[in-house]
1. Name the one entry in ILE111, ILE81 that is within 30 Å of VAL139 (Cα to Cα), modelled with pLDDT under 90 and assigned to a helix (DSSP H, G or I).
2. Which residue, of LYS21, LYS92, LYS77, is of a type in the set (D, E, K, R) and surrounded by 13 or more Cβ atoms within 10 Å (Cβ to Cβ)?
3. Would you be able to tell me the number of residues in the stretch 36-46 that are surrounded by 10 or more Cβ atoms within 10 Å (Cβ to Cβ) and within 19 Å of the chain's Cα centre (by Cα)?
4. Need pairs with beta-carbon distance below 8 Å; first residue in a loop (DSSP other than H, G, I, E, B) and within the stretch 95-107, second at pLDDT below 90 and not polar (S, T, N, Q); sequence gap 6+ or separate chains.
5. How many residues are touching a residue at least 40 places away in the same chain (Cβ under 8 Å), polar (S, T, N, Q) and either out of contact with any helix residue (DSSP H, G or I) (no Cβ under 8 Å at 6 or more places or on another chain) or assigned to a loop (DSSP other than H, G, I, E, B) (or both) when one looks only at the stretch 22-64?
6. So MET133 ticks every box in (1) closer than 21 Å to ILE98 by Cα; (2) modelled with pLDDT under 80; (3) loosely packed, with under 11 Cβ neighbours inside 10 Å but one. Which box is left unticked?
Amino acid sequence: MNKPHNKSTQERLKFHQPDKKSLIQGGIIVLIIGCSPFLYYAYESFPTDTQVWETFFFTFTTEYPNLYHYAWFVTGKLFPILLLLIWFFTCKHWWHWIILVPLIMYIFQLINIVKQTVGVDEVEIIYLVPIMMVIIPAVYLIRAKLFSQMRSDDLKSIEEELLEKKSIWQQIKDLLR
């Protein structure tokens, strides 16, 4: 016997039709990701024998051995930043905030390159540690809240669990459960 479909069943069977705005945004993202290897290798068009780049718009001088090296360093940091930003803004998972840690590391490295500081990739961890001290516990608290809702725990039981005195070994076991 055939039973008529109710509205919720019909909605589940109907395919999702993306709107024009999401198609345009998705197309731009696909274009950026698809062209990123070609844009990354744009540094190869910079001269290898000079530290000065003169155009009728501007004059750029670098402290690096030549413009080729400077462009290589910049593209080596700029494109991971671009791809991590796309990942961060398009990710729908609860843990997407942790993407900020490598993103901020690359941003610090790019700032040092743009400032033309010698010793690239050496001191960023000093600036990254305080940011990690905020982001990592925040992501863990989001995880704890999600898992507590999945197990139907209320926040009072979590609070009581946090106030319990436990050995270090017990705390490690609780983290891994």
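The values are calculated or read from the model by the stated rules, or taken from the named source; none is laboratory data. Everything numeric in this text was worked out from a predicted model, so none of it was measured. Every residue, glycine among them, receives a Cβ derived from its backbone with ideal geometry; neighbour counts consider all protein chains shown.
1. Details: ILE81 fails: modelled with pLDDT under 90.
None of the others qualify; the one that does is ILE111.
2. Only one candidate passes the filter, namely LYS77.
3. The number of residues fulfilling the criteria is 2.
4. Note: pairs meeting the criteria are TRP95/VAL139; TRP95/ILE142; TRP95/ARG143.
5. Final tally of qualifying residues: 1.
6. (2)
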